[in-house]
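Q: The following block contains the structure, expressed as structure tokens.
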Amino acid sequence: MKLYTNNQGQWSGTQADARKRFKNDMRLVEVPVDKPNLLAFLNDNAVGSFEALGHKPEPNPDQLSPHATSWVSWALERLQHGQKKDAEEMLIKGLKLQKEMANG
């Protein structure tokens, strides 16, 4: 399958569309069509990602990072077993991780 890119994270499926969008700043790319190789290609080239388009996702303070979530889940389990001190330590680690991730 053929796709066209401007090498700045933007892609087009047709040459006509690529000419309109990218003018002369475009390159033809052969893209694999079998699922495993296509997924690898899309991931390797960050197709469709905000980072590929030069956008950094806005931090969402209401959403825990995966690392912080695991510490908070573990802390809840400790609380349910009556291990308050362990739970407190785990919550502190999870909140510290969340703060570090938010501050980048």
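The values are calculated or read from the model by the stated rules, or taken from the named source; none is laboratory data. Remember, it's a predicted structure, so these values are computed and weren't measured experimentally. Note: ideal-geometry Cβ built from the backbone for every residue, glycine included; neighbour counts use all protein chains shown.
Q: For the range 31-48, which residues satisfy the criterion of being modelled with pLDDT of 70 or more and touching a Phe, Trp or Tyr at 6+ places or on another chain (Cβ under 7 Å)?
A: V31, P32
Q: Follow-up question, since we're still on this one. Out of the residues in the range 65-95 meeting the condition of being polar (S, T, N, Q) and not in a helix (DSSP H, G or I), tell me which one is nearest to the chain's Cα centre (by Cα).
A: So, considering only residues that are polar (S, T, N, Q) and not in a helix (DSSP H, G or I), the one nearest to the chain's Cα centre (by Cα) is S65.
Q: Name, by its number, the condition in (1) among the charged types (D, E, K, R); (2) modelled with pLDDT under 80; (3) assigned to a helix (DSSP H, G or I) that does not hold for E51.
A: (3)
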